[in-house]
Every structure is written in C-alpha cells, then in structure tokens.
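Trainee: Next up is a structure, given as structure tokens.
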Amino acid sequence: MSLPTEPIGSIPRPAALLAAPAAERPARTDAAVGDTVRRLQELGSPVVSDGEQAKPSFVTYPVEGLPGLASDGVVIPFADGHQRQLPRLTAGPFRYTRHAVDYLRAAQRHASVPVKQAVIAPSALSLLYPPDGIAGYPRERFLQDLVDAAETDIRACLDAGAHTVQLDFTEARLSLKLDPSGGVLDDFIALNNRVLERFSADERTRIGVHACPGADQDSTHSLDVDYAGLLPKLLRLNAGAFYLQMAGESDPDRALSVVAAHLPADARIFIGVIDPIDPRVETPEQVRDRILAAARHLPADRLGTCDDCGFAPFADDTSTSRDIAFAKIAARVQGTAMAAEQLGM
C-alpha cells in the first residue's frame, strides 16, 4: 500500500488480562500483546503496535514506582464530568523507571511486520512538577533531567528498530483551554523541540507527534477548543510526521485548510479517519471519502491515515470493546487501500 496507515496506540485489553491476579499478569500481558499483534497483521495492517497492553497508562508508564510522587497532581477534566489526575513530584532527581523500548521489544517478538512505538511527550510529564517548586530541585534542573530522560526513551526505541516513534502530545489542545493566551502551549512546544533537536534530520523522519482532544471513557477533554489555535504552532515541532485527529472534528475541511497553510517542508500528515469514541463502526467507504476529502487540501504523497486517538489510553477504560476497536481498524486499513487506488497511488 503506497498510502501509509498506522495505529495510534492503545487497544482495549482482553477481559482475562483485566481480571488477572498479580501472579498471572505477566503471562496474560504477553498473551494479550501476541493476540493484538496477530489480529492487526491479520487485518492487513502494514505497521503494528503492542496496543499498550502493558502500560499503566499512556502518560504515567515512565514513572511507575518512582519514589517521591504524590497522588494529588494536575487534574484533567473531561466533558462528561469524569476526571483523570496526574501524580505530583515531591523530590528530585527526576528519572524514568520504565522505558518504552521494553514494550517495543515485547511486540517485536510476535511481529512479522514493522512495529511502531508510542512514547509520552516530555511536555506532559512537565506537569508533574508543582507550581510552587521543590526545595533543592529547581524547575530548570528538573526540565534538564526530563529532556535527558525523554531523549533516552526515544533513542532506545529507534536503536531497537522501531518503524516510527510517536510522541503523544494530547495536552497540546488542552493547554489552550487552560491558558487561552497560548503561553503554556508555547512552553510545551519549546520543551518538546529541546528533545527533538537532539536527533538528526534522518532520525526525525522516524519520529512523529500525535495530537488529539483526548478519548477516555467515550469523552474528550478539549474538543471545544478551536483547532485553528493549535495547528499552526503544533506544526512548528521538528518532527517527521504528525498524527492529527480529524474524524471527530466538526469541521475537518477548515482544519485541513489550516494544516495546508502551515504544512512543514518535509513532514507527512497522518489524518485521523476513525473516531474511537463513536460506537458506530465506520465503513471502508466512509474512510475512503474522508481521505479523498483530505487530498483536496494536501498533496496525496504527503498523506497517511490513522485513528483519531487510542481506544483505551488508561488501563481501566472499557468504554469500547476490543472487537469494536479491531472492526474500526479493519475499516481504516480497507478504506485506505480503496483511497490509494482511487488516487492512483
């Protein structure tokens, strides 16, 4: 397929894994990773992932078990009223206790096609540092430790043969809700670029950035924020690909026109053609038509497709069934092939 298509990340976990006692969890997790990779390959997905079967969440995997964390960190409110809360760092130095390459290698053991790996953007983890500071551990020292750790996380995945490494930057759109002036977003962009600039131009062709308004328990945290306020700044990131939510957008043509006006010189734009919080399974024809609509704004040879967001970014999210997630992915793969044929690719 000449029009690339990739998963974003999380896929709902099997019930047996969710219910497994601690002693059985490692074996159940490996079985879930194997089943995820197998099913993605059977659907014809040219690139697969582990579906985040082992991550405690897409945000907090690097700090699982880190000493010096309190539970009363930044609160992320969702439109339906539920909340997610990040931990709060109480002491330094900051470090990663778990690296994404472990998840990558687990998936590669089961895969016969390229494997991508999602990592959390450093901007999200910067929210762990408290506004009133930490005695003896200034914010700039924390940020330096964070940048070093994020680089290590990404580089290990590249060195281990990841097809691509995807930075999950879901807090980008949320930042404009918290700070409409854009100052927080500017800080996030600058921090993420501090990490990305440590990689060569060739390496950055294998590094992408994912942005969405959240997708947890069939709700979003920032879909009401105007995409036009985010996209021009987002596209300043020094990344080789951008994975952009579009299927759930109320006016995708307007958003795509903004992308076209700020299209980076060499980056590929993966447009979301599957809405993970819509219980209806898209048809391949719907996916095809969304791609053809995007091709009216963007060069076809700079396009790719993806899901808007992961289907279960937190371990306890069961709002979408595993079978529905795979049915949606099948529609994406099939619809992308149909669009590629129509575009003559």
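The values are calculated or read from the model by the stated rules, or taken from the named source; none is laboratory data. Quick caveat: nothing in here was measured; it's all calculated off a predicted structure. Neighbour counts run over all protein chains shown; Cβ positions are idealised from the backbone, glycine included.
Trainee: Working only within the stretch 265-299, note down all residues that are within 22 Å of Thr205 (Cβ to Cβ) and modelled with pLDDT under 95.
Mentor: Selection gives Ala265, Asp266.
Trainee: Same structure, new question: Just give me the residues in the stretch 256-290 being within 19 Å of the chain's Cα centre (by Cα) and not in a loop (DSSP other than H, G, I, E, B), in sequence order.
Mentor: Val259, Arg268, Ile269, Phe270, Ile271, Gly272, Val273, Ile274
Trainee: Please give the helices (runs of 4 or more DSSP H) falling wholly within the stretch 111-213 in which 3 or more residues are in contact (Cβ under 8 Å) with a residue 12 or more places away in the chain.
Mentor: 122-125, 139-159, 171-178, 183-196
Trainee: If you don't mind, there's one more thing I want to ask. Go through the stretch 91-110 residue by residue and tally those that are under 18 Å from Val59 (Cβ atoms), touching a residue at least 40 places away in the same chain (Cβ under 8 Å) and part of a loop (DSSP other than H, G, I, E, B).
Mentor: So the answer is 5.
Trainee: Here's another thing I want to ask about it. Limited to the stretch 151-193, what total is found for residues that are crowded, with 23+ Cβ neighbours inside 10 Å and small (Gly, Ala, Ser)?
Mentor: Number of matching residues: 3.
Trainee: Just to verify a result, which residue in the stretch 245-262, among those that are touching a helix residue (DSSP H, G or I) at 6+ places or on another chain (Cβ under 7 Å) and hydrophobic (A, V, I, L, M, F, W, C), is surrounded by the most Cβ atoms within 10 Å (Cβ to Cβ)?
Mentor: Met246
Trainee: Across the stretch 309-342, what is the total count of residues that are within 25 Å of Tyr61 (Cα to Cα) and aliphatic (A, V, I, L, M)?
Mentor: 4
Trainee: Right, here's the next one. If we keep just the residues of the stretch 194-241 that are hydroxyl-bearing (Ser, Thr, Tyr) and within 30 Å of Thr320 (Cα to Cα), which is surrounded by the most Cβ atoms within 10 Å (Cβ to Cβ)?
Mentor: Of everything passing the filter in the stretch 194-241, Tyr227 is surrounded by the most Cβ atoms within 10 Å (Cβ to Cβ).
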